[in-house]
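Peer 1: What follows is a single structure, and I will ask about it in a moment.
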Amino acid sequence: MSRQKIGIVGSGLIGRAWAMLFAAAGYWVQMYDILDTQLTTALQELEKELHRLEEKGSLRGKIRAAEQLALIDVTTKLDELVKDALHIQECVPEVLQLKQTLYSQLDELLDGITVVASSTSTFMPSLYSEGLSRKEQMLVAHPLNPPYFIPLVEIVPAPWTSKEAVEQTKSLMLNIGQRPVTLNREIEGFATNRIQYAILNEVWRLVASGILTVADVDRVLSQGLGLRYALLGSLETAHLNAPGGVADYFHRFGGEISAVSATYGATPNTREDAVTLAEIAKQCEELVPIEGLGERRAVRDEFLIQLAKLKKQFE
Ligand code: NAI
C-alpha cells in the first residue's frame, strides 16, 4: 500500500513538530516554506532532534529515527505540496492577512479529498476561509506547545466546514497518537485559551492586589491543582470530591462557587496595567532570568516526556 501524504506549510517550531508526529506514524510528510534556507535548517534540526529522542528512548512510533527522517522531504512549490495530500497542516506565523493570502492560494490548488487544518492559536477558521470555494475542507487543528509531548489537539470547524472534513481530521489525529477534542462550533479562544485566560486573569488579580507573590500563585497550580489536572479534568475532579458525585458537589458547593465568583472583579487589562506587569515581570525574572528560559524549557520538555510515560500507565 502506498503511503498517505501529509503536507506541512511553514517549517518553523510548530511545522517541524507536526512533521515529526506524522512521520512517527508512518505518513509521508512534505514540508513547504517560502524560505529555502528555513527548509534546510528544518531538515538539519529534525535529524538532530529525532536522533536525540531515539537515544533517550523517547522517540514516538514504531520505526527508527533514520526511517522517520527518510519519510520527510521538502518543497518550495505550493502546488507540489498540495498534490495528492490527504491533509495539509498550516503552520505559518500568526498574522491574519498572511493566512488569508495563503488560504486563497490553497483554494485554487485543492482537490476533493484534502483537508486543510490551521495550527492557529487565535483565529477562528471563518476569518480566513469565508468566501473560498473549498471552504468546507478548511478548519482549525490547534496543538499545544510542545505538540510532540502534549497530545491535545482542538479541532474547530467554521460554520461551513463539512462533517467529513471534521471526521477525517479527528481520525488522523487519533492515528498519530494525539488526543483531539472537537468543538461543535467556533468560538473566540477555542476551549484551551478560554480556560487558560480565566486562570491568567485570576492569578493576575491575586498578584495585583498583593495577596500572593508570583512564586506562590504559580505554586497553587504546580504544587496543587495542576497535580490533579494532570490526570483529571475539573469536572471529574468535582465528581470525585463529593460522596454522591458531581450533582452532589454542585448542590453542596454551588452557593459558595457563586459567592466567590461574584468577588472576582473586572477582567484585568493586562496590556495597559504597566505597574502590575512590571511587578509580575520582575518576580518572574527573579525566578527564571530571561537568559535561563531555554534551560527551563528543556526541563519542562523532559518533565512532559516522563509525565507522558506515567500517564500511559493510568490509561
Ligand atoms: P514560526 O515563526 O516558528 O514558523 C513559521 C514558519 O512559516 C517559518 O518557517 C516561516 O518561514 C514560514 N512562513 C512564513 N510565511 C509563509 C508562507 N506564506 N508560506 C509558507 N511558509 C511561510 O511560527 P510557529 O511558532 O511555528 O507558529 C506557527 C503557527 O502555529 C501559528 O499559527 C501559531 O499561532 C501556531 N501555534 C504556535 C504555538 C507556539 O507555541 N509557537 C503553539 C500552538 C500553535
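Peer 1: Please go through region 157-191 and pick out each residue that is in contact with a His (Cβ under 7 Å, 6 or more places away or on another chain) and either open to solvent by 100 Å² or more (accessible area, probe 1.4 Å) or closer than 16 Å to residue 122 by Cβ (or both).
Peer 2: Residue satisfying the conditions is 190 alone.
Peer 1: I'd like the full set of residues that are within 9 Å of the ligand (Cβ to nearest atom) and outside any loop (DSSP other than H, G, I, E, B), limited to region 1-17.
Peer 2: 9, 13, 14, 15, 16, 17
Peer 1: Return the residues of region 205-249 that are open to solvent by 60 Å² or more (accessible area, probe 1.4 Å), touching a Gly at 6+ places or on another chain (Cβ under 8 Å) and of a type in the set (D, E, K, R); say none if nothing qualifies.
Peer 2: none
Peer 1: Determine if region 114-130 includes at least one residue that is within 14 Å of the ligand (Cβ to nearest atom), among the polar types (S, T, N, Q) and in a strand (DSSP E or B).
Peer 2: yes
Peer 1: Looking at region 219-260, which of the residues that are polar (S, T, N, Q) and assigned to a helix (DSSP H, G or I) is farthest from residue 151 (Cα to Cα)? Steps first, answer last, please.
Peer 2: Of all residues in region 219-260, those polar (S, T, N, Q) come to 222-223, 234, 237, 241, 258.
The next check asks that each one be assigned to a helix (DSSP H, G or I); those that pass are 222-223, 234, 237, 258.
Working: 222: 19, 223: 22, 234: 18, 237: 20, 258: 33 Å.
Of everything passing the filter in region 219-260, 258 is farthest from residue 151 (Cα to Cα).
Peer 1: I would also like to ask the following. Six or more apart or on different chains, Cβ atoms under 8 Å: show the pairs whose first residue is in region 32-59 and among the aliphatic types (A, V, I, L, M) and whose second is open to solvent by 70 Å² or more (accessible area, probe 1.4 Å).
Peer 2: 34/76; 39/76
Peer 1: Right, next: Could you check region 50-72 and list, in sequence order, the residues that are surrounded by 13 or more Cβ atoms within 10 Å (Cβ to Cβ) and either under 14 Å from residue 15 (Cα atoms) or among the small types (Gly, Ala, Ser) (or both)?
Peer 2: 58, 61, 65, 72, listed by residue number.
The values are calculated or read from the model by the stated rules, or taken from the named source; none is laboratory data. Source: prediction; values computed, not measured. Positions of Cβ are backbone-derived with ideal geometry, glycine not excepted, and every protein chain shown enters the neighbour counts. With ligands, DNA and RNA removed, areas are computed over all heavy atoms of the protein, side chains included. Shrake-Rupley method; radii C 1.70, N 1.55, O 1.52, S 1.80 Å.
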